[in-house]
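The values are calculated or read from the model by the stated rules, or taken from the named source; none is laboratory data. All figures in this text were calculated on a predicted structure; none of them were measured in a lab. Here the Cβ positions follow ideal geometry from the backbone for every residue, glycine too, while neighbour counts run over all protein chains shown.
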Amino acid sequence: MITKIFLITVFSIGTIAFTGKGAAFAVSAEENYKFYCTQCHGSDGKGEGANSKPKVVGIDLPEMSVTPRNHTNPEDMNKLTDTDIESAISGGGAAVSKSTIMPPWGKTLTEAEIKDLTAYLRKLCKCKGK
Amino acid sequence: MNASNIGRWMLVLPVTALFIALSWGVSLADGKGIFASKNCGSCHQIQGPAAEKTFDDQLKKKGPELWYSGSKFKKEWLEEWLEKPTTIRPLKYNSVTDKNTDKHPALSKKEADEVAEYLMTLTAKEVAKGTAEEKVTPQGKNLFIKRYSCVGCHSIKAGAQKVGGVSGPDLSEAGKRLTADWVYAYLKEPKVFKPVKRMPVFVDIINDNEMKTLAGFVAAQK
């Protein structure tokens, strides 16, 4: 009897500790994209977020001088390797000789999250890259 | 009357006195009391430290933190704004798709002065004095617009026109509102002030001197 209670207790503490940790840190690539990227790349990834075209949300400011990449366009996205995409996310436009309006996320996201985002972008463009 | 009865009276009398005072509106007439009675705390965090850990923690918030107000704001701006609030964030708080059309609660001049007095007592030890000088310099402008493209998410004035993005607070008049010391601390120690936000962490990307130049540039926009 006592061993049974003991085992149940150990088992449930173990489960709570495990799921607790998972829930606190698991953020999917989609959630990261929604939180960080859509402000410029748009909710549908087509490059028309509020920062890119303020007039679309009813704010009278000029368009962004460089249009954020349309992540659903296979032609544009196929020009990039996965490594190109990872460098762009981590170091921003400056790291891949593109506009600095694309900011660096290397100190905000972990390497694993950047890899996951890259895979997510491949789903958006339905393309594999070069 | 025994000892425990005396104890009870010692509690009841002051409490009664307090209620009478409250109903006359006497002890409410200070900034802290106004803040509480107007329910400002239902949207604003007034006590540090920052406790957000997840996107949800941030997305649940209804307004910006005020627990470091005394380090962040210039007092004259605070007094004026609390009486006649204007839009600071072009998009609704926590939204990246909806224009901010909210009307912020306004206070009378007297209330505004008292609440400002109270908010200015809330300071953060991480904000040191005299770190950055409020100054528009060509270097500052270059860092803000070209090198780090802060302008992608924040609007500023370019001559008579306003330019820039809308997901971050409007910085075109940030010099009336923000202190350079706070802006520097905000860039340098983002986790202290805002651990979960849509702005990238720039620690180890922008060097210390550049952060000071940027902070000075932002806090000189008028």
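Looking at B:Ala128, B:Ala215, B:Ala174, just one residue is of a type in the set (A, V, I, L, M, F, W, C), more than 21 Å from B:Pro90 (Cβ to Cβ), crowded, with 16+ Cβ neighbours inside 10 Å and more than 14 Å from chain A (Cβ to nearest Cβ), and that residue is B:Ala215.
If you go through the range A:49-77 and keep only what is in a loop (DSSP other than H, G, I, E, B) and among the acidic types (Asp, Glu), you end up with A:Asp60, A:Glu63.
Just the residues that are closer than 23 Å to A:Met64 by Cβ and either in a loop (DSSP other than H, G, I, E, B) or under 12 Å from the mean Cα position of the chain (by Cα) (or both), please, taken from the range A:119-130. Those that are closer than 23 Å to A:Met64 by Cβ and either in a loop (DSSP other than H, G, I, E, B) or under 12 Å from the mean Cα position of the chain (by Cα) (or both): A:Tyr120, A:Leu121, A:Leu124. Only one of the numbered conditions (1) assigned to a helix (DSSP H, G or I); (2) exposed (fewer than 13 other Cβ atoms within 10 Å of the Cβ); (3) not hydrophobic (A, V, I, L, M, F, W, C) is violated by A:Lys34, and that is (2).
Out of A:Glu31, A:Glu48, A:Glu63, one residue alone is of a type in the set (D, E, K, R) and within 12 Å of the chain's Cα centre (by Cα). It is A:Glu31. Across the range B:157-168, the qualifying residues are those that are closer than 14 Å to A:Ser65 by Cβ and aliphatic (A, V, I, L, M), and the one among them that is surrounded by the fewest Cβ atoms within 10 Å (Cβ to Cβ) is B:Ala158.
Each row is one residue, and each column tells you yes or no for (1) more than 9 Å from chain A (Cβ to nearest Cβ); (2) part of a loop (DSSP other than H, G, I, E, B); (3) within 25 Å of B:Val96 (Cβ to Cβ); (4) in contact (Cβ under 8 Å) with a residue 12 or more places away in the chain.
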residue: B:Leu143; (1), (2), (3), (4): yes, no, yes, yes
residue: B:Lys146; (1), (2), (3), (4): no, no, yes, no
residue: B:Val151; (1), (2), (3), (4): no, no, yes, yes
residue: B:Lys157; (1), (2), (3), (4): yes, no, yes, yes
residue: B:Lys162; (1), (2), (3), (4): no, no, yes, no
residue: B:Pro169; (1), (2), (3), (4): yes, yes, yes, yes
residue: B:Asp181; (1), (2), (3), (4): yes, no, no, yes
residue: B:Tyr184; (1), (2), (3), (4): yes, no, no, yes
residue: B:Val196; (1), (2), (3), (4): no, yes, yes, yes
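Does A:Lys53 fit the bill of being out of contact with any Pro (no Cβ under 8 Å at 6 or more places or on another chain), among the charged types (D, E, K, R), under 15 Å from B:Cys153 (Cβ atoms) and within 12 Å of chain B (Cβ to nearest Cβ)? Criteria met by A:Lys53. Determine if the range B:106-114 includes at least one residue that is touching a Cys at 6+ places or on another chain (Cβ under 6 Å), closer than 25 Å to B:Gly48 by Cβ and of a type outside the set (Ser, Thr, Tyr). For the range B:106-114, residues touching a Cys at 6+ places or on another chain (Cβ under 6 Å), closer than 25 Å to B:Gly48 by Cβ and of a type outside the set (Ser, Thr, Tyr): absent. Every condition in (1) modelled with pLDDT of 95 or more; (2) in a loop (DSSP other than H, G, I, E, B) holds for A:Val27 except the one numbered (1). Quickly run through the range B:78-125 and pick out the residues that are within 14 Å of chain A (Cβ to nearest Cβ), touching a helix residue (DSSP H, G or I) at 6+ places or on another chain (Cβ under 7 Å) and among the polar types (S, T, N, Q). Selection gives B:Asn94, B:Thr97. Residue pairs, Cβ under 7 Å, 6 or more apart or interchain, first in the range A:84-101 and away from chain B (no Cβ under 14 Å) and surrounded by fewer than 22 Cβ atoms within 10 Å (Cβ to Cβ), second part of a loop (DSSP other than H, G, I, E, B) and among the basic types (Lys, Arg). List them. Nothing qualifies.
Mind checking whether some residue in the range A:106-120 is closer than 21 Å to B:Val166 by Cβ, away from chain B (no Cβ under 14 Å) and crowded, with 17+ Cβ neighbours inside 10 Å? Within the range A:106-120 (the criterion being closer than 21 Å to B:Val166 by Cβ, away from chain B (no Cβ under 14 Å) and crowded, with 17+ Cβ neighbours inside 10 Å), the answer is no, since none of the residues qualifies.
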